[in-house]
Structure formats: structure tokens, C-alpha cells
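First up is the structure itself, then whatever we jot down about it.
The values are calculated or read from the model by the stated rules, or taken from the named source; none is laboratory data. This one's a predicted model, so the numbers in the text were calculated from it and none came from an experiment. In this analysis, Cβ positions are derived from the backbone assuming ideal geometry, glycine residues included, and neighbour counts consider all displayed protein chains.
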Amino acid sequence: MPDPVFVIHGVANRDRDGFTAAVEALQSATGVDMVPVYWGDLGAEDHVITAALPTRDTKLMSPVGPGDILRDETPDILPSYLFPAQPLVLDQLRIVDAALRGELGSDEGPLRADRGPGTPTADEVMDCLADEWPDTRWLSRTDDAALLAEAGRALARVLLDADTDADTSYGYDGLRGPSGPGTGRWRDMLRRRLRDLDRITGAAIGAAAGRVNQAVRTRILPGTTRFLGDVLVYQRHRDVIHARVRERIDEIDPSLGRGPQRPVRLVAHSLGGVIAVDMATAGEPLWTDHLLTFGSQAAFFHICDPRGGQLLPYAGQSPVRLPASLGRWTNLWEPMDMLAFAASRVFRLDDGTEPVDRAVPHSTSSGLWTHSAYWDLPAVAVAIAEAMEGGSSAADERMPGEAGRQADPV
């Protein structure tokens with residue numbers, strides 16, 4: 001009977017029972033005998049981490065001058081001080097001008113040159129827009145060509161769609177106004193519609209940004225913050241956490257991982273993968289036959305801060321050779337997971353081959369925060385069964401159940 005596969009969780013996991021249930025679900029899905037290795041109680045004190053997170057009501061210092069305080073009075077609208085720089089008005093108006101003239105040239109309307117000397121020309125319209133444009137709050141801060149072009153076309157339609165009956169007060173005389181060319185009603189119409197478009201643009205940006213903001217604050221930011229907290233603890237207390245992993249393996253068989261004759265097999269998520277690589281490449285290594293990581297950062301950490309042990313720093317010219325104590329390595333990553341990194345360009349196995357970087361498909365039900373979604377992905381169960389050579393075709397049909405879901409462990 002083969003030795004079991006040891007499963008090491010990632011950061012922000014404070015639910016031992018939930019983690020055990022997740023491993024049991026993976027075991028059922030893969031047909032591989034698995035042992036959970038829990039170390040979450042040694043992690044960061046993150047139960048009150050929200051005290052350090054900014055809220056939407058947090059006052060922000062104005063970039064205009066020191067000591068000035070700005071508060072967003074309309075929380076559904078993205079505050080303008082979040083825009084890093086204002087595009088050149090001339091560049092914006094070129095786009096608006098081209099779209100406006102294209103629209104005016106394609107239809108009959110009050111701006112046609114043959115409608116009388118008092119009818120505003122495209123040049124006059126653009127002169128008016130140039131005067132009003134800097135006062136817009138949103139349009140003047142966008143460099144989106146499609147949005148600017150649509151604004152130009154919409155402003156042209158305002159005048160083209162006006163009543164064109166010269167006998168009414170809203171006809172050409174009405175557009176020209178009582179005081180002659182340049183002072184007519186068309187300028188007022190244009191100003192009003194420009195302000196309307198500006199408000200609509202701000203509302204649209206605010207609605208989209210509000211949804212992203214909510215996702216970031218409720219899903220992505222807390223998970224990332226807890227990730228950083230446990231990383232800091234691991235960097236300071238690496239030996240204690242390694243000892244916990246070693247103790248759990250010893251409970252099954254003290255000879256496992258002590259030498260090349262009895263290497264262990266490991267599955268590790270997130271920072272658990274960093275722990276596994278650190279232990280497998282230490283001066284006194286945990287001999288590992290096959291390591292499967294998912295959503296892990298071992299390569300990223302080694303580039304930023306060389307891990308030591310038997311590993312040389314990565315200088316960028318050639319991959320770092322892994323010792324024989326790490327036999328095989330399969331590294332899974334999900335396209336939307338911002339905390340997942342590739343391993344094959346940074347490392348080489350002792351036999352000269354690359355670690356296997358393998359993408360797993362994104363599930364739309366995972367949302368934006370996908371770092372915790374691996375436990376329930378069928379592709380992960382299939383990859384584990386294949387890598388550990390203990391699964392069967394049933395792994396394609398079976399899935400980790402809802403027991404594998406926790407309150408966003410990463």
C-alpha cells in the first residue's frame with residue numbers, strides 16, 4: 001500500500017475542521033489517500049484585521065493643498081481625486097471634433113451651411129465646446145477614445161434633432177436667438193447636454209467602480225491582507241511551522257521524508273507550497289518524491305528574497321537548480337488568481353527538466369477572488385490524481401463537495 005499524500009494548507013486558514021473536511025473531499029474526488037497537515041493556529045492574529053482596513057468613509061487628504069480634507073459626498077460616484085492625471089484637452093477635443101463633424105455630415109439638420117447665415121457651423125460648435133469642456137468633471141478626465149467619440153456624436157444629435165421648422169420659435173431663428181449669430185439658443189442647448197453627458201458618464205463610472213470597490217474590499221483586500229499577515233509570521237517563525245509539518249508526518253511514519261529511500265508526496269496550497277519547497281530544499285531536507293502546488297508563490301518569493309538552504313539566488317540568466325531531494329513538481333495556477341505564480345522559468349529539477357506549470361480553467365462561479373477556489377475545481381482533483389498516481393478515471397466525475405468551502409482561506 002503506498003504511503004499517503006500529505007496536504008499542507010495556505011494562509012488565513014483558522015478552521016481545522018473545515019480544512020480536514022476539504023482534504024477528505026479531495027481524497028474522495030481523487031482516490032488518493034490523504035493526510036491533512038494543519039498549521040493555521042501558528043499564523044497571524046487576523047481576527048481583528050479589519051480594524052486596519054480603510055473604509056469608504058475614510059477621509060482623504062486633497063492633492064490640492066496640505067491640510068485640506070476631501071470627503072466623497074456621493075458614494076455611488078467615483079471621486080475625481082482618484083484620477084492620477086488629466087489628459088490634454090486638445091487631444092480629447094480632436095476626437096470629439098472628428099466624431100461630431102462625421103455626424104453632422106451624414107444628416108440634414110440646422111447646422112448645414114445652406115440653412116442661413118445665422119446657423120451655427122461646426123467650427124462655432126467646437127469653439128463653444130472648447131470653452132465649456134474644462135468645466136466638465138468626468139469627460140475632461142477620460143482618455144477613452146470610444147467614450148469621447150460617442151460624446152461628440154451625441155452632442156451633434158442634440159442640434160440635428162432640434163425642431164427644424166423655421167416658422168416656430170424652436171426653428172432656425174430660435175436657434176440663432178434674438179441677438180443674432182453667436183448668442184442663440186443652440187449654445188444653451190449644447191451646454192445643458194454637455195453637462196447631462198458629463199453626469200451620465202460619472203454615474204456610469206461610479207456604478208462600475210462601486211461594484212469593483214465592493215469586490216475588492218469584501219473579497220480581495222481581506223484575503224490579500226490575511227495573506228500578508230501569515231507571510232510575515234512565516235518569515236519570522238519558519239522553523240516552528242516546519243516542525244509542525246514534520247510532527248504530522250512523524251505521526252504516520254517517522255522514517256518518511258528522512259532520506260531518498262522513503263520520500264513523501266505533498267500537495268500544498270498557496271503559502272503551503274512555499275513551506276513545502278523550503279523544507280524539500282533545506283540543508284536537512286524533507287525528501288519529496290512529488291510535490292503538487294496550486295496557487296503558490298515559491299518562485300516569486302525566491303526571486304524577491306532567496307530562500308537559502310540548498311538554493312542559489314536567481315540572477316535572471318538561468319534557472320536555479322533544485323536538489324535531488326525534490327524529485328518532481330507540478331505547479332497549478334488559475335488565470336484570475338493574483339497570488340499564483342509560475343515555477344518553470346525560475347527553477348530546474350535535479351535531472352535538468354522543468355517543473356510542470358499547468359493552468360486550470362477559470363470557473364465563473366468563483367468570482368473575482370479565485371485564490372480559494374482550487375479546492376472545488378474538478379481540474380485540480382484530476383491533476384492530483386494524475387500526479388500522485390493514485391487516482392482513477394472516477395476523479396473526472398467526482399468533485400470536492402461544499403465541505404471544502406471555507407470562509408475564504410487562502
- Note on the structure: Of (1) touching a Phe, Trp or Tyr at 6+ places or on another chain (Cβ under 6 Å); (2) outside any loop (DSSP other than H, G, I, E, B), residue 331 fails just (1)
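Take residue 307 and decide whether it is in contact with a helix residue (DSSP H, G or I) (Cβ under 6 Å, 6 or more places away or on another chain) and basic (Lys, Arg). Break it down stepwise before answering.
Working: in contact with a helix residue (DSSP H, G or I) (Cβ under 6 Å, 6 or more places away or on another chain): yes; basic (Lys, Arg): yes.
Criteria met by residue 307.
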- Task: Give the residue that is farthest from residue 13 (Cα to Cα), with candidates limited to residues of the range 214-252 that are modelled with pLDDT under 65 and surrounded by fewer than 16 Cβ atoms within 10 Å (Cβ to Cβ).
- Result: 214
- Item | Members of the range 122-153 found to be buried (at least 17 other Cβ atoms within 10 Å of the Cβ) and not in a helix (DSSP H, G or I), listed by number | 136, 138, 142
- Scope the range 343-363; condition in a loop (DSSP other than H, G, I, E, B) and under 18 Å from residue 280 (Cα atoms); matching residues: 343, 344, 346, 349, 350, 351, 352, 353, 354, 355
- Kindly indicate whether residue 262 is at pLDDT 95 or above, surrounded by fewer than 16 Cβ atoms within 10 Å (Cβ to Cβ) and basic (Lys, Arg). yes
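To keep it simple, each residue is scored yes or no on (1) out of contact with any Pro (no Cβ under 8 Å at 6 or more places or on another chain); (2) part of a strand (DSSP E or B).
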| residue | (1), (2) |
| --- | --- |
| 249 | yes, no |
| 272 | yes, no |
| 291 | yes, yes |
| 296 | yes, no |
| 300 | yes, no |
| 306 | no, no |
| 309 | no, no |
- Item | Index of the failed condition, residue 318 passing every other in (1) more than 30 Å from residue 31 (Cβ to Cβ); (2) among the polar types (S, T, N, Q); (3) in a helix (DSSP H, G or I) | (3)
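Results for (1) touching a strand residue (DSSP E or B) at 6+ places or on another chain (Cβ under 6 Å); (2) surrounded by fewer than 19 Cβ atoms within 10 Å (Cβ to Cβ); (3) at pLDDT 95 or above; (4) of a type in the set (Gly, Ala, Ser), shown as yes or no for each residue.
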residue: 315; (1), (2), (3), (4): no, yes, no, yes
residue: 320; (1), (2), (3), (4): yes, no, yes, no
residue: 338; (1), (2), (3), (4): no, yes, no, no
residue: 348; (1), (2), (3), (4): yes, yes, yes, no
- Would it be correct to say that residue 132 is modelled with pLDDT of 55 or more and either assigned by TED's automatic domain parsing to the domain that holds residue 201 or under 19 Å from residue 202 (Cα atoms) (or both)? yes
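Would you call residue 11 within 28 Å of the chain's Cα centre (by Cα), surrounded by fewer than 22 Cβ atoms within 10 Å (Cβ to Cβ) and modelled with pLDDT under 95?
Numbers: within 28 Å of the chain's Cα centre (by Cα): yes; surrounded by fewer than 22 Cβ atoms within 10 Å (Cβ to Cβ): no; modelled with pLDDT under 95: yes.
Spelling it out, it is not the case that residue 11 is within 28 Å of the chain's Cα centre (by Cα), surrounded by fewer than 22 Cβ atoms within 10 Å (Cβ to Cβ) and modelled with pLDDT under 95.
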- Name the residues in the range 1-21 that are farther than 22 Å from residue 250 by Cβ and in a loop (DSSP other than H, G, I, E, B), would you? 10, 11, 12, 14, 15
- Only residues in the range 261-279 that are more than 17 Å from residue 381 (Cβ to Cβ) count as the first member; pair them with residues that are in a helix (DSSP H, G or I) and aromatic (Phe, Trp, Tyr), Cβ under 7 angstrom, at least 6 apart or cross-chain, and list the lot. 271/234; 274/301
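Before we move on, is residue 359 buried (at least 18 other Cβ atoms within 10 Å of the Cβ) and either under 26 Å from residue 230 (Cα atoms) or in contact with a Lys or Arg (Cβ under 9 Å, 6 or more places away or on another chain) (or both)?
So residue 359 fails the test.
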- Message: For the list (1) at pLDDT 85 or above; (2) loosely packed, with under 15 Cβ neighbours inside 10 Å; (3) farther than 19 Å from residue 200 by Cα, I need the number of the one condition that residue 161 fails.
- Response: (1)
- Message: Looking only at the range 251-270, how many residues end up being part of a loop (DSSP other than H, G, I, E, B), farther than 18 Å from residue 32 by Cβ and charged (D, E, K, R)?
- Response: 1
